[in-house]
Amino acid sequence: MSTTLWIIIAGAVATYLTRIGGHLVISRFENVHPRVEAGLNAVPAAVLTTLVAPELLNAGPAEWAALVVTALVSLRGGLMSMFLAGAAVLILARQFVG
Amino acid sequence: MATDVISESGTRSDFWQGVRLSMPVVVASAPFAVLFGALAVDNGFSVLEAFLMSALIYGGASQMVGIQLFGQHVAPWLIVLSIFAVNFRHVLYSAGIGRRIAHWPVIQQALGYFILTDPQFAVAEARAASGQTVGFAWYLGLGLPVYVFWVIESALGAVFGKLIPDTHALGIDFLLPIYFLGLVMGFRKRPLWLPVVVASACASIVAYKTVGSPWHVSIGAIAGVLLAVILPPHHSGVETRP
């Protein structure tokens, strides 16, 4: 089997563990410690931030403009509108600055 | 006999009630399924692999993370670890919904957990909070259309993605960071959001410059999570819950 297929299967197993794991493990405890809960709450934002931040180092004017517009639109709109706004700015700006 | 008929038609209407509630989710996730398929092919996946990833993992953000890291030739086990980390929030959903579906047969529960996505949890939890029972037929009606459309649209996106000639001019290579920023912004109402994001951003940039990719993902994420754990609980807003 190819490496890609192994990644997909292992990723699927890992994902299923997160979906059934809370029921199997956490529900056995009466209380989750507040610090543990705070840590769990922080996981998605922490992981996703690391996928954006280093991109700033290589970003040019077009990419910066797109990210700034995405962040601004996010204060009002939902995920779809901010994504479309950011993508539109990116495509437009790249026609001028490449 | 009469009660059988009644309960069967009740089950059927429960299912269709779930299907109706699933429609907004189907519509909202469609562009992301197509986008995932197109970007997967752009990052070196085949159409079949994009299809399988959607069918087996079935978690939008984690699939995007997976193909992004795959495109950067990150070690396979780190890709799997990152998928696990992005999906880790499901542990909380699972613990929450477990109380609502504990009366189902085990096989139905096993399937129920497989389709436990963010909207599935939100809608099912809202139904339970309003005092109604979360039955298997209703839950399946809510989840099945989202799953079927997600998988089909991913495959369509992958086929379509192969036809895009100039991916740079169309910004395809930078759509993922924009998408991830959108997701990060979506969490901004959570306690400690800003300090966590700042800590993760700084740590990941420093790690990217020093240790190098792909370690910036793990190091940056650990920095943000540790900060949330270390800060006193009254800042994290979780100590007031019962």
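Numerical summary
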quantity: Criterion: closer than 29 Å to A:V43 by Cα, part of a loop (DSSP other than H, G, I, E, B) and of a type in the set (A, V, I, L, M) - qualifying residue of B:L140, B:L116; calculated: B:L116
quantity: Members of region A:51-61 found to be farther than 16 Å from B:R188 by Cβ and either assigned to a helix (DSSP H, G or I) or more than 7 Å from every other protein chain (Cβ to nearest Cβ) (or both), listed by number; calculated: A:L51, A:E55, A:L56, A:L57, A:N58, A:A59, A:G60, A:P61
quantity: Selection from region B:64-75 of residues that are crowded, with 16+ Cβ neighbours inside 10 Å and either hydroxyl-bearing (S, T, Y) or farther than 12 Å from A:T50 by Cβ (or both); calculated: B:M64, B:G66, B:I67, B:F70, B:G71, B:V74
quantity: Residues that are under 22 Å from B:V184 (Cα atoms) and surrounded by fewer than 22 Cβ atoms within 10 Å (Cβ to Cβ), drawn from region A:15-36; calculated: A:R35, A:V36
quantity: Whichever residue in region A:62-71 is under 17 Å from the mean Cα position of the chain (by Cα) and not small (G, A, S) and, among such residues, is nearest to B:M185 (Cα to Cα); calculated: A:T70
quantity: Tally, over region A:80-98, of residues that are buried (at least 17 other Cβ atoms within 10 Å of the Cβ) and under 17 Å from the mean Cα position of the chain (by Cα); calculated: 4
quantity: Residue in region B:102-110 that is in a helix (DSSP H, G or I), surrounded by 15 or more Cβ atoms within 10 Å (Cβ to Cβ) and either facing chain A (nearest Cβ under 10 Å) or at pLDDT 95 or above (or both) present; calculated: yes
quantity: Residues of region B:81-97 satisfying the condition of being surrounded by fewer than 22 Cβ atoms within 10 Å (Cβ to Cβ) and among the β-branched types (V, I, T); calculated: B:V91
quantity: Some residue of region A:9-21 being assigned to a helix (DSSP H, G or I), at pLDDT below 95, touching an Asp or Glu at 6+ places or on another chain (Cβ under 8 Å) and facing chain B (nearest Cβ under 8 Å); calculated: no
quantity: Unique residue being in contact with a Phe, Trp or Tyr (Cβ under 7 Å, 6 or more places away or on another chain) and facing chain A (nearest Cβ under 10 Å) when the list is B:S62, B:S94, B:S82; calculated: B:S94
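Residue-by-condition table, conditions (1) assigned to a helix (DSSP H, G or I); (2) under 28 Å from B:A85 (Cβ atoms):
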| residue | (1), (2) |
| --- | --- |
| A:T49 | yes, yes |
| A:E63 | yes, yes |
| A:V68 | yes, yes |
| A:V73 | yes, yes |
| A:R76 | no, no |
| A:S81 | yes, yes |
| A:L84 | yes, yes |
| A:A88 | yes, no |
| A:I91 | yes, no |
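The values are calculated or read from the model by the stated rules, or taken from the named source; none is laboratory data. Quick caveat: nothing in here was measured; it's all calculated off a predicted structure. Cβ: placed from backbone, ideal geometry, glycine included. Neighbour counts: every protein chain shown.
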